[in-house]
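The next block holds one structure in the form of structure tokens; read it before the comments.
All of the numbers you see were taken from the coordinates with simple rules; none came from a lab. Everything numeric here is computed off the predicted structure, so don't read it as measured data. Virtual Cβ from ideal backbone geometry, glycine too; neighbours counted across all protein chains shown.
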Amino acid sequence: MAKSHLEALVAMMSQSQNGLPRSEYLRLRNAYLPNGPKIIFVLESPPKSGLYFYNSDGRVSEPLFSAMMKDVLEIEPRTKHEGLIAFAANGFLLIDATYTPVNHSHLSERARDALILADLPVLIEELQKYAAPETKVILVKANICRQLERPLTDRGFAVLNHGTIIPFPSNGQQGKFRESVRRVLGLTLTQ
């Protein structure tokens, strides 16, 4: 029996990815689960670089972590552990659409999207596990905003984007991230 195109992509990813097993990402995240998340941020995937948001051994200068601290919480923690505790204490949770790092240069945008959509049932299950009826969802990264807003809204999740694309906060997109995420959150922009 021939493998489907998606199965071949997943096999290629498992052979070439530098990421951790999904269970390890979840173990790191579970150390910082909020009691009753108020807002769940959905991003693409852990990066192949290993700079995982919930890895408390990382640096506070990591692009996503730094942006969440400065632009969402408006704090400057000394350590990632300190920042992650504050993130959870404010009712924030970050979930990846897939736990297979998809930011490989050898993957086309179409292949990335296919891997993300293949994990949509797992994402929905995770969101159902953590989201109460009043929990809001914010999508971050252009492809995640485009691909997932409709399916998640159709399943009853309160997605706050309403068509707003929130870019990933790196490669010159930090200002757009700040403006977009604060607008979606209804926060006043400060200097």
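Within the listed set ILE39, ILE124, ILE95, the residue fluctuating most in the Gaussian network model of the chain (springs between alpha-carbon atoms under 10 angstrom) is ILE124.
Sparse packing (at most 15 other Cβ atoms within 10 Å of the Cβ) combined with a DSSP loop state is found for the following GluC sites (Glu not before Pro) in the range 24-119: GLU74. With all projection directions averaged, the alpha carbon convex hull of the range 111-188 covers 5.6 nm². Applying 1/(1 + (r/R0)^6) with R0 = 35 Å to the Cβ-Cβ distance of TYR130 and HIS106 gives a FRET efficiency near 0.60.
With helices as the sole contributors, the chain gives -12500 deg cm²/dmol at 222 nm; each DSSP H run of n ≥ 4 counts as -39500 (n - 2.57), and the sum is divided by every residue. Only beta bridges with both residues in the range 20-185 are counted; by DSSP, about 0 percent of them are antiparallel. Here the Gaussian network model covers the chain, with springs between Cα atoms less than 10 Å apart; of HIS81, HIS106, HIS162, HIS106 fluctuates the most.
Taking the chain as a Gaussian network of alpha-carbon nodes connected by springs under 10 Å, the highest mean-square fluctuation of the residues LYS38, LYS129, LYS48 belongs to LYS129. The lysines within cross-link reach of LYS129, meaning a Cα-to-Cα straight distance under 18 Å and a gap of 8 or more places when in the same chain, are LYS38. Taking amide H as placed 1.01 Å from N in the peptide plane, VAL159 has its amide H under 5 Å from the amide H of VAL137, each at least 5 places away in sequence or on another chain.
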